[in-house]
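**Student:** Let me give you the structure first, and then I'll get to my questions.
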Amino acid sequence: MLSAKRPSRTVKETLMAEVRDAPAGAKKRLNAEVEAVLYKRIKSQAVAEERTISEITRQLWIEYLSNCSTG
């Protein structure tokens, strides 16, 4: 179970093993709080592009992680 608190080393290792060993194609839900104004802009753009917020979010994370030195 994930928590917003800083995990202990043992818990952190367990969580990383769960991530590392997850089956390919498996999906997990990601929740994030954003300001209402930002949400309206995101939703409007998604509708204009005929895409879902999830599709856009996945693309953004992929692009972000491809630019990270640890990804």
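**Student:** Which of rounded, prolate, oblate describes segment 32-71, given a ≥ b ≥ c as roots of the alpha-carbon gyration tensor eigenvalues and a/c under 1.5 marking rounded, otherwise prolate only if a/b is larger than b/c?
**Tutor:** Values: a/c = 3.35, a/b = 1.72, b/c = 1.94.
The shape class here is oblate.
**Student:** On full extension of the chain, what length is gained from Lys40 through Ala22, given 0.36 nm per residue of separation minus the C-alpha to C-alpha distance?
**Tutor:** Values: separation 18, 0.36 × 18 = 6.48 nm, distance 3.30 nm.
Result: 3.2 nm gained on full extension.
Every number here is computed from the coordinates shown, using simple stated rules; none is lab data. Just so it is clear, the model here is predicted, and its values are computed rather than measured.
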